[in-house]
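Q: Dumping the structure here so I can ask a few things about it.
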Amino acid sequence: MKECHKAIFDLAIRTADMLVKMFGSRCEVAVHNFDNLEQSLIHLAGSITDRKIGSPITDLVLQELNKPITEINDMPNYKTQSKNGIVMKSSTVFLRDADDHIIGALCMNYDISLLMQLEGEVGNFITFDEEQSKSENFFSSVHDVIQGMAEQVLQGFKKAPSVMSMDEKVECVRQLEQRGTFLIKGATEYVATILGVSKFTIYNYLQKIRTHNEYHIEEEVKEK
């Protein structure tokens with residue numbers, strides 16, 4: 001190792017050790033000195049790839065080094081696999097001297113095999129039966145319950161209550177009735193306020209809606 005490069009490699013080695021201490025046993029960080037590509041590995045923190053000091057540089061890095069110097073870039077976040085089947089998330093940072101010459105590399109590998117397995121398990125666990133999916137909100141006060149239900153219904157109309165027609169307001173009340181909103185004390189007054197009508201108007205809407213519903217229930221019973 002050239003004396004002028006010693007500080008660069010010392011920093012890379014300290015960084016490698018720190019990364020493995022931070023990310024744990026599934027992390028491996030290698031430091032390569034390109035003075036001798038056939039024995040470039042000068043430091044290895046962690047052990048995933050079963051390499052030893054003095055191992056050669058990888059084919060991927062060689063491929064990058066074969067490019068014109070101006071086209072050689074660091075390689076972040078790519079997928080690799082060890083000879084024993086471990087899938088890794090990898091990144092390579094090229095080490096450069098004061099003249100911008102590439103003198104080595106710091107290569108980080110993280111074993112994601114277990115995470116991939118967990119992803120499958122978690123995916124199975126958080127998959128829902130779409131036919132059974134339901135929407136449920138959790139409120140901290142009765143007023144929030146009424147407000148939340150009203151906002152959900154009004155979103156479907158995509159217009160301000162002030163420009164809604166009477167039929168649209170009746171439909172709004174019908175949907176709120178269907179959701180059980182008016183079982184909550186104070187709901188009638190709140191809905192009347194946001195729709196810009198009196199509470200007696202809401203009562204009239206509800207009477208029509210409930211009468212209509214009862215009529216259809218009776219008809220269905222007769223048909224059976």
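Rule-based calculations on the coordinates, nothing more; no lab input. All values derive from a computational prediction rather than experimental measurement. Cβ atoms come from the backbone with ideal geometry, glycine included; neighbour counts cover every protein chain shown.
Q: In whole Å, what three semi-axes, largest first, describe the equivalent ellipsoid of the chain built from its Cα gyration tensor (square root of 5 times each eigenvalue)?
A: Taking √(5λ) for each eigenvalue gives 71, 21, 16 Å, largest first.
Q: Follow-up question, since we're still on this one. If the only charges are +1 at each Lys and Arg Cβ and -1 at each Asp and Glu Cβ, what is the size of the charge dipole of the chain around the Cα centre, to the nearest 20 debye?
A: 460 debye
Q: Any of Lys21/Lys89; Lys21/Lys83; Lys158/Lys208 with alpha carbons more than 19 Å apart? Name them for me.
A: Lys21/Lys83; Lys158/Lys208
Q: Could you check which residue among Met149, Met75, Met22 shows the biggest mean-square fluctuation in a GNM of the chain with a 10 Å Cα cutoff?
A: Ranking Met149, Met75, Met22 by mean-square fluctuation puts Met149 first.
Q: Here's something else I'd like to know. Placing unit charges on C-beta atoms (Lys and Arg positive, Asp and Glu negative, everything else neutral), compute the dipole magnitude of the stretch 138-216 about its Cα centre in debye, rounded to 20.
A: That gives a dipole near 60 debye.
Q: Assigning unit charges at the beta carbon (Lys, Arg +1; Asp, Glu -1) and nothing else, what dipole magnitude in debye, to the nearest 20, does the stretch 3-115 show about its Cα centre?
A: For the stretch 3-115, the charge dipole is close to 540 debye.
Q: How fast does the stretch 138-216 diffuse by Stokes-Einstein, in µm²/s, taking the Kirkwood radius from C-alpha pairs at 4 °C and 1.567 mPa s?
A: 102 µm²/s
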